[in-house]
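Following: one structure in structure tokens, then a few remarks.
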Amino acid sequence: MDAATLKKKLKGLGFDFFTGVPCSLLGGIIEALGDEYIPAVREDTALGIAAGAYLGGKKPCVLMQNSGLGYSLNVLTSLNMIYDIPLLMLVTFRGFEGKDAPEHLIMGKHCVGLVEAFGIPNKVPSGGKDDLDAALIEAGMEIAKGKPYCIFIKEDTLE
Amino acid sequence: MIMREAITKLISLVKDEYVVCANGFISRDTFNAEDRPRNFYMLGSMGQASSIGLGFAMARPDKKVVVFDGDGNLLMNLGILTMISKIKPRNLVHVVLDNECYDSTGGQPTISSHIDLAQVAEGCGIKNIIRKESGEDIAPAFKDCLQKEGPSFILLKVERDPQERVPRVNIAPPEIAKRFRNG
């Protein structure tokens, strides 16, 4: 899926507050979002800001690399998940199938298991456009129930 | 002035503003001093009260937001000062109650006795900077910040009460969020 289409779909689902920390795989969507994307200093800070935006009536989406999942876990478990503060997380899947720089390999091996272990609904869409579409629709349903939802973005997910 | 007295004073000056409270005794003291739907009690996610306040301030530019932060909390998320400086939310008042310790875990020292957090905020370029020693009257400066254009940063030095025994917040977290969001 190209960045402009993803932006359109996110907007169509009602997402209206975007923050995060970049990954090279997110370059296109961050550029497409332009001034609507608020650069955060850390991933947990991005989640905190997104939670505040939700409390102010927004529907937030946080973008990050999976290296930021570690920082994020305390906020997810002790803020989002206990207060029913939902958000969409677009998390790049660095280290997928062990093919990446060394710093990504361990997180790449375990990131899906990590969010599974904490009971965070998630999806790893394959390269096809329809698969990301399906994940976004499922995300919308989980978010309506007050849950965080994590979509892992692989190298072939976004153009 | 001990922190509980400072919080009791500050919350008595708040009218229709939204107040985001950091975890530990800051939330507990605020809850026990004056519970109101527009108080958000952060129970975990240490460091993030300032982030929540910033996000809320951006989402609701028509409403004034006050953060009751702590020194340990701010030191854990110091980068937020750079974001507040960059984003310049006019409706944000960031109060740091600095007792130079991690109070609710037993009073272990933070390093804020060596670091002037108001100078850090000033160095980041935050618009209004106030620094008050323990015992100084905070009311006029706080009331002024509630009125004027922000962002404002208030460092209020306070003392720890070693006998602090206030009850915990007894509202379920989803209810805290719901009433704040609907407030």
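Laid out as a table, the results:
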| item | result |
| --- | --- |
| So B:A59, is it in contact with a strand residue (DSSP E or B) (Cβ under 9 Å, 6 or more places away or on another chain) and facing chain A (nearest Cβ under 7 Å) | yes |
| Lone unmet requirement of (1) in contact with a strand residue (DSSP E or B) (Cβ under 8 Å, 6 or more places away or on another chain); (2) without any contact (Cβ under 8 Å) to a residue 40 or more places away in the chain for B:L97 | (2) |
| So B:V67, is it assigned to a strand (DSSP E or B), buried (at least 21 other Cβ atoms within 10 Å of the Cβ) and in contact (Cβ under 8 Å) with a residue 60 or more places away in the chain | no |
| Top-ranked residue of the stretch A:12-40 - restricted to ones that are assigned to a loop (DSSP other than H, G, I, E, B) and open to solvent by 40 Å² or more (accessible area, probe 1.4 Å), ranked as nearest to B:A177 (Cα to Cα) | A:D16 |
| Identity of the residue in the stretch A:41-96, of a type in the set (K, R) and more than 9 Å from every other protein chain (Cβ to nearest Cβ), that ends up farthest from B:G183 (Cα to Cα) | A:R94 |
| Enumeration of residues in the stretch B:87-117 that are of a type in the set (A, V, I, L, M, F, W, C) and under 22 Å from B:V14 (Cα atoms) | B:L92, B:V93, B:V95, B:V96, B:L97 |
| Residue match in the stretch A:3-11 (condition: within 14 Å of chain B (Cβ to nearest Cβ) and either closer than 24 Å to B:N182 by Cα or of a type in the set (V, I, T) (or both)) | no |
| Residue check, B:S134 open to solvent by less than 70 Å² (accessible area, probe 1.4 Å) and touching a residue at least 40 places away in the same chain (Cβ under 8 Å) | yes |
| Residue in the stretch A:22-35 that is touching a Phe, Trp or Tyr at 6+ places or on another chain (Cβ under 7 Å) and facing another protein chain (nearest Cβ under 8 Å) present | no |
| Selection within the stretch A:4-48 - without any contact (Cβ under 8 Å) to a residue 40 or more places away in the chain, farther than 22 Å from A:Y71 by Cα and among the basic types (K, R) | A:K7, A:K8, A:K11 |
| Test: residue in the stretch B:111-125 that is open to solvent by 10 Å² or more (accessible area, probe 1.4 Å), at pLDDT 95 or above and acidic (D, E) | yes |
| From B:N73, B:N91, B:N39, B:N32, residue being at pLDDT 95 or above, over 15 Å from the mean Cα position of the chain (by Cα) and more than 9 Å from chain A (Cβ to nearest Cβ) | B:N32 |
| From A:K123, A:K59, A:K99, A:K109, residue being of a type in the set (D, E, K, R) and in contact (Cβ under 8 Å) with a residue 40 or more places away in the chain | A:K59 |
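The values are calculated or read from the model by the stated rules, or taken from the named source; none is laboratory data. In this text the structure is predicted, and so the values were computed from the model without any measurement. Note: ideal-geometry Cβ built from the backbone for every residue, glycine included; neighbour counts use all protein chains shown. These accessible areas exclude ligands, DNA and RNA; they are computed on the full protein's heavy atoms, side chains included. Shrake-Rupley method; radii C 1.70, N 1.55, O 1.52, S 1.80 Å.
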